[in-house]
Amino acid sequence: MEKPRPILLLVFAAVILCGGVWLLSDSSSGENPEDPSVLLLAGEKDRGGNPVRRGTLGDFNAERGDALGEVDSRKVYLAIPSYQTIRKEKIRRGSARWALLMRETTTAFNNVLERASRSSHCVLVVEKGSSGRIPSIPEKYPVKDLTQACIASL
C-alpha cells in the first residue's frame with residue numbers, strides 16, 4: 001500500500017480544521033479583498049440571500065407580538081478582534097491562518113448575537129434593513145437594533 005503524500009495530508013487537515021470556511025468567499029468575483037463587506041456579501045450569496053441571522057421564520061409570530069431584532073453584521077465583524085487581525089496583517093483569503101481566524105470570528109459573532117438576542121428576548125434576528133423583504137413580517141413592525149449590544153458584549 002502506498003504511503004499518503006504529505007500534501008494530501010495537509011489538504012485533508014485543512015478541510016477538517018476549517019470546516020470549509022473558505023467556501024464563503026468568492027475569490028473569482030474580482031471584488032476588492034480588502035473590503036470587509038466582500039466576505040459578508042459572499043456569505044449571503046451562498047446562503048441564497050437569506051437575511052435571517054438567528055432564529056427561524058417558523059418560530060416568529062407577529063400576531064403573538066414576538067420581538068424582532070436586526071443586526072448590522074458588517075459593523076459587528078469589524079469589531080471582532082480576530083477579524084481585525086485578518087485586516088491588520090492582510091492575511092490572504094484561503095490560507096490556513098485566514099480560515100482559522102475566520103472560524104474564530106464566526107464563532108464570536110454567533111456567540112455575541114446569541115447573547116444580545118436572548119437579553120432582548122428577540123425570537124428572530126435579521127440583517128439590518130431586510131425586514132421589509134420578508135413577507136411574514138408586517139410592514140412597520142417594531143424592530144430592535146442589536147448591533148451596539150453585540151459590539152458591547154465583545
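Just so it is clear, none of the values below were taken in a lab; they were calculated from the coordinates. Since the model is a prediction, treat every value here as computed from it, not as a measurement. Counting neighbours? That spans all protein chains shown, and the Cβs are built from the backbone with ideal geometry, glycine included.
The table below gives the values:
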quantity: Residue list for the range 128-154, given a label point 7 angstrom along the Cα-to-Cβ vector of Arg115 and an amide N cut-off under 19 Å; calculated: 145-154
quantity: Shape metrics for the range 106-154, restricted to C-alpha atoms - Rg then Dmax, Å; calculated: 11.5, 32
quantity: In the range 84-147, the trypsin sites (Lys or Arg not before Pro) that fall in loop regions by DSSP, at most 13 other Cβ within 10 Å; calculated: Lys90, Arg92, Lys140
